[in-house]
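Step one of this worksheet: look at the structure below.
The values are calculated or read from the model by the stated rules, or taken from the named source; none is laboratory data. These figures come from a predicted structure and were not determined experimentally. Every residue, glycine as well, gets a Cβ built from its backbone with ideal geometry; the counts of neighbours run over all protein chains shown.
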Amino acid sequence: MSRATTTPRESPLLPESDAREVALLFVVAALCFLAALVALSARSSYGAAAEWTSASEGELTVRLRGVDARAAGRAEALITEIEGVAQARLIPREEAAQMLAPWFGSNGLPAGLPVPTLIEVSAVPGAGELADSLTSALGAAGFDALIDDHAQWGQDVRRALGMARFAAFAAVALLVATAVAVIAFATHAALLARRDIVNVLHLSGAPDPFIANLFERRFWLLGLRGGSIGAVAALGAAALLVFALGSHAERTWLLPRLSLDFWDFLILLLTPIIAGFASRIAARRTVLNELARTI
Amino acid sequence: MIVTMTRHSPDRIDAPSVRFDRVGLRYDSSEDVLSDLTFELEQGAFAFLTGASGAGKTSLLRLIYLALRPTHGEVYLFGQRVSQLRRAQLSALRRRVGIVFQDFRLLEHLSAYENVALPLRVQGQKEPNYRADVEDLLNWVGLGERLHARPETLSGGEQQRVAIARALVSKPDLLIADEPTGNVDPNMAERLMRLFAELNSRLGASVLVATHDHGLIARHNAPVLRLQNGLLVRDGQERAG
């Protein structure tokens, strides 16, 4: 008997990927792109809001009514001496005019406009509640003062921040669930398309985990590839945003300050891994459920 | 009705390879495809299964190679009651059965060589360990020069020979062949039957061949299970007993 000199290496038991899997790869990549971008945006917004609130905490504004420049100077000196105050600064009229420029224009304020006298107060870190001390000290000295410790503003920001975080989390969860559902659907379709192969393997004595592993490996790689493409695209989009916002910083100061740090890169790194695991688990569950219908 | 098949290899006296105990089969809400079948195929037996088209031959074979559960009754394979086995145990049993499907069921993306090697890969064997066996078997069925050929490039007869080689490669304890000579010339049909007989006599494997070919049955001295409208009928051909 003649013997062939060369024998081909073992081909995969599942055929190479077909058009359906290319389409699925695109869908997984798109979903991962959206999920990563939402996660990055959520983190960025959260970071910016946290920065705003931490900056506003420890800052107070004292508004004095019916005082001239001399009395304002006295009030500033009095505030500086109160325990827990790190710094007090009388805001000059020119600076107040700058703050009001969006409403009154850059030609200065009308002469008769009663601009309140404002003193910016910074608290010593960990000094605790200062508003009451300021109110009583200024009141005792005969000043008609209003203290704004920005608590309401900080509370609003924190509330908005919590809602934004919840919305982002829900969006990411929804995208992940959608990806898993799409993959499960695709695995089911792939299984139906390859029922002949599954059937032959099954009747050849292949245990269910053996058959499931074939699909698991295939979809694990598909998830990793799709997730990587999505993560790289999200990185590109985020970098573009960082660049775009950075180059127009003077006009976009109210928007969250974007940057890419360790945690952002961790999100991008985890995206393909999560996609891979989600694909793998979806494929395994689908295959085992299908096989359970057979004897 | 009880049809007990006669053993050709008297060296093994274990439980029958196949035992049907009042087995019936019905697909969905249709009429019974198989009714009240009771028979044994003893270890080392060689038997034919025959009957007109639609008599239930393929359904009976599917029950034996564990592709179906009976609607009622019990199927025993190698002494094990199939209905009581877990899935992993069923897989292990299937590895002891070689099947030649009527429609071959070759995997289109695999070469002839890889199709034949499939049951060995499923068993976890490594390619260098089985290469010689697979090549020898393909040489034996006359396809030594077509190891790399994909099924779509093979003729019907060649595909059938690949399917037969795949069923034999793991040296099964039970070989089920559904019309194995339907697409091969008489010469190859005789060679295949000799191979089945050799598997039966040398290795003690039980062989059940479903066929329409009365000439083939007549040329081989083996008991016959005859199906008629889903029932087993005594053929009177228990000539090897």
Item checked: Scope the stretch B:180-210; condition touching a strand residue (DSSP E or B) at 6+ places or on another chain (Cβ under 6 Å) and not in a helix (DSSP H, G or I); matching residues -> B:Pro180, B:Ala205, B:Ser206, B:Val207, B:Leu208, B:Val209, B:Ala210
Checklist line | Matching residues in the stretch A:190-211 - criterion: being surrounded by fewer than 14 Cβ atoms within 10 Å (Cβ to Cβ) and over 18 Å from B:Leu66 (Cβ atoms) | finding: A:Leu192, A:Ala193
Next item on the list: Look through B:Arg96, B:Arg81, B:Arg62 and report the one residue that is under 24 Å from A:Pro12 (Cα atoms), more than 7 Å from chain A (Cβ to nearest Cβ) and surrounded by fewer than 23 Cβ atoms within 10 Å (Cβ to Cβ).
Entry: B:Arg96
Check: Would you pick out the residues in the stretch B:134-148 that are surrounded by 14 or more Cβ atoms within 10 Å (Cβ to Cβ) and in a helix (DSSP H, G or I)?
Finding: B:Val134, B:Glu135, B:Asp136, B:Leu137, B:Leu138, B:Asn139, B:Trp140, B:Gly144, B:Arg146
Next item on the list: Those residues that are under 18 Å from A:Asp149 (Cβ atoms) and part of a helix (DSSP H, G or I), I need them from the stretch A:79-97; list them, please.
Entry: A:Ile79, A:Thr80
Notebook entry, point to check: What do you reckon, is B:Glu152 within 7 Å of chain A (Cβ to nearest Cβ) and either outside any strand (DSSP E or B) or closer than 30 Å to B:Gly215 by Cβ (or both)?
Noted result: no
Notebook entry, point to check: Going through the stretch B:65-78 one residue at a time, which ones are at the interface with another protein chain (Cβ under 9 Å from one of its Cβ atoms) and small (Gly, Ala, Ser)?
Noted result: B:Ala67
Checklist line | Given (1) closer than 30 Å to A:Ala48 by Cβ; (2) buried (at least 16 other Cβ atoms within 10 Å of the Cβ); (3) at pLDDT below 85; (4) not assigned by TED's automatic domain parsing to the domain that holds A:Arg285, index of the condition A:Leu109 fails | finding: (1)
Check: Can you tell me which residues in the stretch B:14-55 are assigned to a loop (DSSP other than H, G, I, E, B) and touching a Ser or Thr at 6+ places or on another chain (Cβ under 9 Å)?
Finding: B:Pro16, B:Ser17, B:Tyr27, B:Glu42, B:Gln43, B:Gly44
Check: Do you know which residues across the stretch B:116-133 are assigned to a helix (DSSP H, G or I), more than 8 Å from chain A (Cβ to nearest Cβ) and not aromatic (Phe, Trp, Tyr)?
Finding: B:Val116, B:Leu120, B:Pro128, B:Asn129, B:Asp133
Margin query: Return the residues of the stretch B:165-179 that are part of a helix (DSSP H, G or I) and either basic (Lys, Arg) or over 19 Å from B:Asn115 (Cβ atoms) (or both); say none if nothing qualifies.
Written below: B:Arg166
Item checked: Of residues in the stretch B:99-116 being aliphatic (A, V, I, L, M), without any contact (Cβ under 8 Å) to a residue 60 or more places away in the chain and farther than 30 Å from B:Pro16 by Cβ, the one surrounded by the fewest Cβ atoms within 10 Å (Cβ to Cβ) -> B:Leu107
Next item on the list: Determine the pairs where a residue that is closer than 17 Å to A:Thr80 by Cα, located within the stretch A:103-129, has a partner that is part of a loop (DSSP other than H, G, I, E, B) and among the β-branched types (Val, Ile, Thr) with Cβ atoms under 9 Å apart, the partner being 6 or more residues away or on another chain.
Entry: A:Thr117/A:Val67; A:Thr117/A:Ile91; A:Leu118/A:Ile91; A:Ile119/A:Ile91; A:Glu120/A:Ile91; A:Val121/A:Ile82
Next item on the list: All but one of (1) within 14 Å of chain B (Cβ to nearest Cβ); (2) crowded, with 21+ Cβ neighbours inside 10 Å; (3) under 29 Å from A:Cys32 (Cβ atoms) hold for A:Ala179, so report the exception by its number.
Entry: (1)
Margin query: Please determine whether any residue of the stretch A:187-197 is part of a helix (DSSP H, G or I), within 30 Å of B:Ile164 (Cα to Cα) and touching a helix residue (DSSP H, G or I) at 6+ places or on another chain (Cβ under 6 Å).
Written below: yes
Note to self: Residues to consider are B:Asn200, B:Asn187; find the one that is more than 14 Å from every other protein chain (Cβ to nearest Cβ), without any contact (Cβ under 8 Å) to a residue 24 or more places away in the chain and at negative phi.
What the structure shows: B:Asn187
Next item on the list: Determine the pairs where a residue that is within 7 Å of chain B (Cβ to nearest Cβ), located within the stretch A:192-209, has a partner that is among the hydroxyl-bearing types (Ser, Thr, Tyr) and part of a helix (DSSP H, G or I) with Cβ atoms under 8 Å apart, the partner being 6 or more residues away or on another chain.
Entry: A:Gly205/B:Ser91; A:Ala206/B:Ser91; A:Pro207/B:Ser91; A:Asp208/B:Ser91
Checklist line | Residue, nearest to the chain's Cα centre (by Cα), within the stretch B:74-127, restricted to residues that are of a type in the set (Asp, Glu) and at pLDDT below 95 | finding: B:Asp103
Next item on the list: Please work out if B:Ala167 is touching a residue at least 40 places away in the same chain (Cβ under 8 Å), facing chain A (nearest Cβ under 10 Å) and either crowded, with 17+ Cβ neighbours inside 10 Å or closer than 17 Å to A:Val198 by Cα (or both).
Entry: yes
